[in-house]
Amino acid sequence: MQGSEEEIFFTGEGDKAMREGVTFPEGFLATGLHCGIKKNGKKDLALIFSTCPCHAAGTFTTNKAKAFSVLWSLKHITNPIRAILANSGNANALGGPEGWEITTSLMTRLSQELDISETNLLFASTGLIGTILPEETIAGAFSGMKKMLSSEGGSDAAEAIMTTDRFPKKISLTTSIPGKKGKVKIGGICKGAGMIHPNMATMLAFLTTDAVIDREALSKALKAAVSKSFNMITVDGDQSTNDTVICLANGLAKNAHIHPETPAYDTFSSALTELCVELASMIVRDGEGAKKEIEVRVSGAWNEKDARRVARRIAGSTLNKAAFAGEWPNWGRIAASAGMVCSRINMNTLSIAVCGMPVYSGGPLPYDEQGLRKRLKDKKIVVELDLAKGSASAVAWGCDLTPDYVTLNMEKE
């Protein structure tokens, strides 16, 4: 299926050197503009388009209060996909029956503009919960968006999905997998700064690749990548109604077909995970009000599940986050967080190091408190725990908690 139908190109395609993010792989176009959802004039509508049908894979929020955009994408994710529409400034969630009617109407109108079936479209939204999506405001931009689609549009799309983000998040990666049109490429954009907590992705992320890969392999690779990246970050412990990660593969690299049993699968899966980890790291660095990135490394766990639980608990602890904001080396909070988790852990064999300085090993260790305080001034704080129970490990990412977080969420639209 991938690349088998007649390819459709819009005008405005740019030089390959300008491609980045979702337009880095062959055959992907994008744009982002201000349609009027946001009152501050910033971009609020993005469109990602493939010149030929794609296999799609996705992971979505497990929150029972799902946005209508999520419900639409869940319904159509197994279809051949040509485009993703994403809006910011309005979550399209909890809007009553009218919300679903507007969602379906917008997808029908966009499909007519792009001359494709509405079943080949996916939708994502982010913003304020409980307000009705302005249908005419959004639909009125469709004609202009089609004309603006470009291989240089990845940056505009990344900007258009931002809400409280301080910077657009985009990444491009070239794998070592050869194809007839060059090596397989992967690109991605994401948004997220608040309502970030493990249990799916807790933000929006759109990934593209020109790999020839079957849907089973794509889904497997995406699930593995999300479990080690977006599901291992936390900012504030709140899970969104709109969490969405979508990966599209259009096959235009013309590489040998990738399926789970081929050697190239491991290469592709590792590259996708690498890309997702970097995007996830961007989110925690951009956490609302955050000044520091916190990386928690757990080793010596009985199994990976235990390692993940401990790492996420420490990274998400409000007490730990506040201590790091205050540059206070209170390792007791770290140990207490680890002890809260239902996992195989023994405080008599546990070891803890903060910023490379050992502070606990079955009991308190003498350490240079002033020296550690200086290290805690760094923008990235690394916490290491050895559970001494096995060989499994995991890494989680979080950020510190500052007064700015409260201020932002008191004033947020």
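The values are calculated or read from the model by the stated rules, or taken from the named source; none is laboratory data. Note that the coordinates shown come from a computational prediction; the quantities given were computed from them, not determined experimentally. Using ideal geometry, Cβ is built from the backbone for each residue, glycine included, and neighbour counts are taken over all protein chains shown.
Return yes or no: is Gly192 at pLDDT 95 or above and crowded, with 22+ Cβ neighbours inside 10 Å? No; evaluated as a whole, the condition is false for this residue. Any residue at all in the range 232-244 that is at pLDDT 95 or above and either β-branched (Val, Ile, Thr) or part of a helix (DSSP H, G or I) (or both)? No: the range 232-244 contains no residue that is at pLDDT 95 or above and either β-branched (Val, Ile, Thr) or part of a helix (DSSP H, G or I) (or both). Of all residues in the range 33-50, those that are in the same structural domain as Ala139 (by TED's automatic domain parsing) have Cβ atoms under 6 Å from Cβ atoms of residues that are of a type in the set (Ser, Thr, Tyr) and part of a strand (DSSP E or B), 6 or more apart or on another chain, in Asp44/Ser88; Leu47/Thr31. Restricted to strands (runs of 3 or more DSSP E) entirely inside the range 279-366, those with at least 1 residues that are in contact (Cβ under 8 Å) with a residue 60 or more places away in the chain, surrounded by 22 or more Cβ atoms within 10 Å (Cβ to Cβ) and not acidic (Asp, Glu) are 293-301.
Gly398 meets each of the listed conditions (1) within 30 Å of Ile129 (Cβ to Cβ); (2) among the small types (Gly, Ala, Ser); (3) over 29 Å from the mean Cα position of the chain (by Cα) apart from (3).
Total residues in the range 56-70 satisfying the condition of being more than 19 Å from Ile189 (Cβ to Cβ) and in contact (Cβ under 8 Å) with a residue 12 or more places away in the chain: the figure is 5. Is it true that some residue in the range 180-188 is modelled with pLDDT of 95 or more, in contact with a Lys or Arg (Cβ under 9 Å, 6 or more places away or on another chain) and in a helix (DSSP H, G or I)? No; the residues of the range 180-188 include none that is modelled with pLDDT of 95 or more, in contact with a Lys or Arg (Cβ under 9 Å, 6 or more places away or on another chain) and in a helix (DSSP H, G or I).
Yes or no, residue by residue, for (1) closer than 22 Å to Ile84 by Cα; (2) over 16 Å from the mean Cα position of the chain (by Cα); (3) surrounded by fewer than 22 Cβ atoms within 10 Å (Cβ to Cβ):
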residue: Arg215; (1), (2), (3): yes, yes, yes
residue: Ala224; (1), (2), (3): no, no, yes
residue: Ser240; (1), (2), (3): yes, no, no
residue: Ala253; (1), (2), (3): yes, yes, no
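No other residue among Val341, Val395, Val406 is outside the structural domain of Asp44 (by TED's automatic domain parsing), within 15 Å of Arg309 (Cβ to Cβ) and modelled with pLDDT under 90 apart from Val341.
The sole residue among Leu149, Leu74, Leu128 that is within 25 Å of the chain's Cα centre (by Cα) and surrounded by 22 or more Cβ atoms within 10 Å (Cβ to Cβ) is Leu149.
Yes/no per residue for (1) under 23 Å from Thr23 (Cα atoms); (2) among the polar types (S, T, N, Q):
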site: Ser73; (1), (2): yes, yes
site: Thr78; (1), (2): yes, yes
site: Ala83; (1), (2): yes, no
site: Ala93; (1), (2): no, no
site: Ser105; (1), (2): no, yes
site: Leu114; (1), (2): yes, no
site: Phe123; (1), (2): yes, no
site: Ile132; (1), (2): no, no
site: Met148; (1), (2): yes, no
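Among the residues making up the range 37-51, a single one is surrounded by fewer than 22 Cβ atoms within 10 Å (Cβ to Cβ) and in contact with a strand residue (DSSP E or B) (Cβ under 8 Å, 6 or more places away or on another chain): Lys38.
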